[in-house]
Amino acid sequence: MFLTKEQLEELREFDTPTVWNALEGFKLRSNTVGFTYPGLRLQTPNAKPMIGYAVTARISGMEAPNAEQKNMLFDFFENIYNADFPTIAVMEDVDERPIGSFWGEVQATTCKALGAVGTLTQGGVRDLNEVGPLGFYFFSTEIMVARAESHIIEQNCPVQICGMPVNPGDLIHADCHGAVTIPKEAAPALAEACRRVANAELFVLDPCREALKTGIKPTVAQLREWRGEMAKHR
């Protein structure tokens with residue numbers, strides 16, 4: 001079940017940490033999985049979060065591609081083209097130390113024309129000056145100058161990006177903090193859950209902000225009470 005365009009846009013109104021906080025309340029998985037560990041960076045000047053469904057591949061830049069691997073690029077394009085919803089190109093660079101950037105102006109422009117909104121890659125990107133105005137999201141662990149021999153070695157497969165497992169079709173939310181996958185069971189109710197957790201934080205934030213204005217320190221007893229209200233309303 002895929003979310004509507006309106007539902008996806010609604011989720012873009014919340015930052016990714018708020019989405020993670022909201023997902024915690026569904027208790028569908030451990031709090032130590034489903035998100036990227038440190039290392040992933042937003043390399044383009046996109047103000048709002050990125051959201052879309054994963055189209056996956058594994059890449060390498062060490063050796064020239066064979067004929068079969070060259071054709072995989074067009075299979076990958078076909079997967080993006082056939083999707084009736086916003087997609088994110090999720091690519092795991094399998095080289096021990098990535099040396100080549102699969103992503104540049106040509107790939108970004110091509111994939112955006114096919115319906116992708118951005119990429120998450122445990123690998124490199126380049127052509128930042130050209131891709132920035134395009135509005136295509138570049139999330140990567142590296143910035144590179146060369147393409148080297150970068151090519152797809154497997155597509156439509158499970159991948160891992162900075163510790164976050166991603167399967168084809170997974171719904172992903174990402175911003176400057178990193179990325180999370182959204183379980184399908186939580187997706188339809190997630191926006192309302194985001195509003196709930198954001199409002200719950202006001203039980204702590206509002207009185208603490210007032211204390212900052214007045215210069216009167218809150219007591220620990222007050223903090224205990226406020227944080228109890230926050231937990232209850234989450």
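The values are calculated or read from the model by the stated rules, or taken from the named source; none is laboratory data. This one's a predicted model, so the numbers in the text were calculated from it and none came from an experiment. Note that we place each Cβ from the backbone using ideal geometry, even for glycine, and neighbour counts take in every protein chain shown. Just so you know, the surface numbers come from the protein's heavy atoms only, side chains and all, with ligands and any DNA or RNA stripped out. Shrake-Rupley method; radii C 1.70, N 1.55, O 1.52, S 1.80 Å.
Observations, loosely collected:
- Scanning segment 47-86 for residues being of a type in the set (A, V, I, L, M, F, W, C) and either assigned to a helix (DSSP H, G or I) or touching an Asp or Glu at 6+ places or on another chain (Cβ under 6 Å) (or both) gives a total of 11.
- Reported count of residues in segment 12-42, each being within 23 Å of Pro98 (Cα to Cα) and buried (at least 22 other Cβ atoms within 10 Å of the Cβ), is 3.
- The condition of being among the acidic types (Asp, Glu), within 30 Å of Pro158 (Cα to Cα), in contact with a helix residue (DSSP H, G or I) (Cβ under 9 Å, 6 or more places away or on another chain) and open to solvent by 50 Å² or more (accessible area, probe 1.4 Å) does not hold for Glu185.
- Filter result for Glu149 (out of contact with any helix residue (DSSP H, G or I) (no Cβ under 9 Å at 6 or more places or on another chain), open to solvent by 20 Å² or more (accessible area, probe 1.4 Å) and under 25 Å from Ala47 (Cα atoms)): no
- Under the condition of being exposed (fewer than 15 other Cβ atoms within 10 Å of the Cβ) and in contact (Cβ under 8 Å) with a residue 60 or more places away in the chain, the residues counted in segment 70-83 number 2.
- All told, Thr219 meets the bar of being surrounded by fewer than 14 Cβ atoms within 10 Å (Cβ to Cβ) and modelled with pLDDT of 95 or more.
- Test: residue in segment 94-108 that is open to solvent by less than 40 Å² (accessible area, probe 1.4 Å), among the acidic types (Asp, Glu) and farther than 20 Å from Gly135 by Cα: yes
- Scanning segment 64-104 for residues that are of a type in the set (D, E, K, R), modelled with pLDDT of 95 or more and either within 14 Å of the chain's Cα centre (by Cα) or over 22 Å from Gly115 (Cβ atoms) (or both) yields Glu68, Lys70, Glu92, Asp93, Asp95.
- Inclusion of Leu40 among residues that are out of contact with any Cys (no Cβ under 7 Å at 6 or more places or on another chain) and touching a residue at least 24 places away in the same chain (Cβ under 8 Å) is not warranted.
- All conditions in (1) open to solvent by 40 Å² or more (accessible area, probe 1.4 Å); (2) among the β-branched types (Val, Ile, Thr); (3) closer than 15 Å to Ala186 by Cβ hold for Ile51, with the sole exception of (1).
Residue-wise test of (1) crowded, with 18+ Cβ neighbours inside 10 Å; (2) in a helix (DSSP H, G or I).
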residue	(1), (2)
Ile88	yes, no
Glu92	yes, no
Thr119	yes, no
Val131	yes, yes
Phe138	yes, no
Glu154	no, no
Ala198	no, yes
